[in-house]
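S.K.: Take a look at the following structure, please.
The values are calculated or read from the model by the stated rules, or taken from the named source; none is laboratory data. A quick note: this is a predicted structure, and the numbers were derived from the prediction, not measured. Glycine also receives a Cβ, built like all others from the backbone with ideal geometry; neighbour counts cover every protein chain displayed. For accessibility, only protein heavy atoms count, side chains too; no ligands or nucleic acids. Shrake-Rupley method; radii C 1.70, N 1.55, O 1.52, S 1.80 Å.
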Amino acid sequence: NAFGGCKGLTGNFFLPSSLFYLGLNVFEECDKIQGFIVNADNTTFQYANGILTDISQFTIKRCIVSKSGEYIIPSDIMFIDNSAFSNCEKLTSITIPESVLSIGKRAFFNCTGLMDVFVKSAIPIDLSDTKSAFELVKKSDCILHVPKGAATAYKNAEVWNEFGNIIEN
């Protein structure tokens, strides 16, 4: 929570070459950050297309809240950090590849514009410890797209079963 709740942080946030770790919820409720500038010598973090990733830990750390439309998580990502996409109200579609092993608390909190979640894994990610992962997402309207033959598993999985529309693709 280093900068958690710092609503006065605006503009681009600079990450120096010496920075190699960002803890959980570091940018929670920092809704005015417009982007990140990562020093060219920093070998840990990468910022592209509105997404800050920790490439050494294969983790999405933060999405800027102005991100809109669809986002396909790269297949080298294994973890979605706590609050990574929180308050990204303009995000309409997210694709979660099979490589993702865990989704953090409040990862998609208040993503009210989310209409489609595409999950590529036939086995639901266990969200029993991160029940708030999709908190305030309009799960009754949002369509959860799962692999063919996986609908029953998702309908029986905690949190995933809250989606009103589960469709096999």
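S.K.: I need the fraction of alpha carbon pairs in the stretch 57-169 separated by more than 24 Å, rounded to a whole percent. Could you put the intermediate results ahead of the total?
M.R.: On the way: 763 of 6328 pairs.
When all Cα pairs of the stretch 57-169 are counted, 12 percent exceed 24 Å.
S.K.: Let me ask something else. Rank-order 40-51, 104-115, 78-89 by packing density, defined as the average count of other C-beta atoms within 10 Å over each peptide's residues, highest first. Intermediate results must be reported in sequence, preceding the final value.
M.R.: Numbers: 40-51: 14.5, 104-115: 21.2, 78-89: 23.2.
Highest-to-lowest ranking by the protection proxy: 78-89, 104-115, 40-51.
S.K.: Could you give the size of the charge dipole of the stretch 69-169 about its Cα centre, using +1 on the Cβ of each K and R and -1 on the Cβ of each D and E, expressed in debye and rounded to the nearest 20?
M.R.: Values: 9 positive and 13 negative charges, 29 e Å.
Its charge dipole is roughly 140 debye.
S.K.: In µm²/s, what is D for the stretch 1-138 at 10 °C and 1.306 mPa s, where D = kT/(6 pi eta Rh) by Stokes-Einstein and Rh is the Kirkwood radius from Cα pairs? Walk me through the intermediate numbers first.
M.R.: Values: Rh = 14.9 Å.
Taking Rh from Cα pairs, D becomes 106 µm²/s.
S.K.: Obtain the nm distance between the two label points defined at residue 116 and residue 56 by a simple spin-label model: each point lies 7 Å from its Cα along the Cα-to-C-beta direction.
M.R.: 3.7
S.K.: Per-residue ellipticity at 222 nm for the chain, helices alone: DSSP H runs ≥ 4 residues times -39500 (n - 2.57), over residue total, nearest 500 deg cm²/dmol? Display every interim value, and only then the final one.
M.R.: Numbers: 1 runs with 5 residues, N = 169.
Using -39500 (n - 2.57) per qualifying helix, the result is -500 deg cm²/dmol.
S.K.: At a 1.4 Å probe, what is the % contribution of carbon and sulfur to the accessible area of the stretch 19-147? Intermediate results must be reported in sequence, preceding the final value.
M.R.: Values: 2990 of 5640 Å².
Carbon and sulfur: 53 percent of the exposed surface of the stretch 19-147.
S.K.: Right, here's the next one. Before I look further, what does the stretch 59-150 give for accessible area per residue, probe 1.4 Å, in whole square angstrom? All intermediate terms of the calculation are to be shown ahead of the outcome.
M.R.: Details: 3750 Å² over 92 residues.
Result: 41 Å² per residue.
S.K.: Expected output is a single nm value to one decimal: the length gained when fully extending between residue 92 and residue 17, i.e. 0.36 nm times separation in residues minus the C-alpha distance. What is it? Before the final figure, lay out the partial values.
M.R.: Working: separation 75, 0.36 × 75 = 27.00 nm, distance 3.33 nm.
Length difference between fully extended and current span is 23.7 nm.
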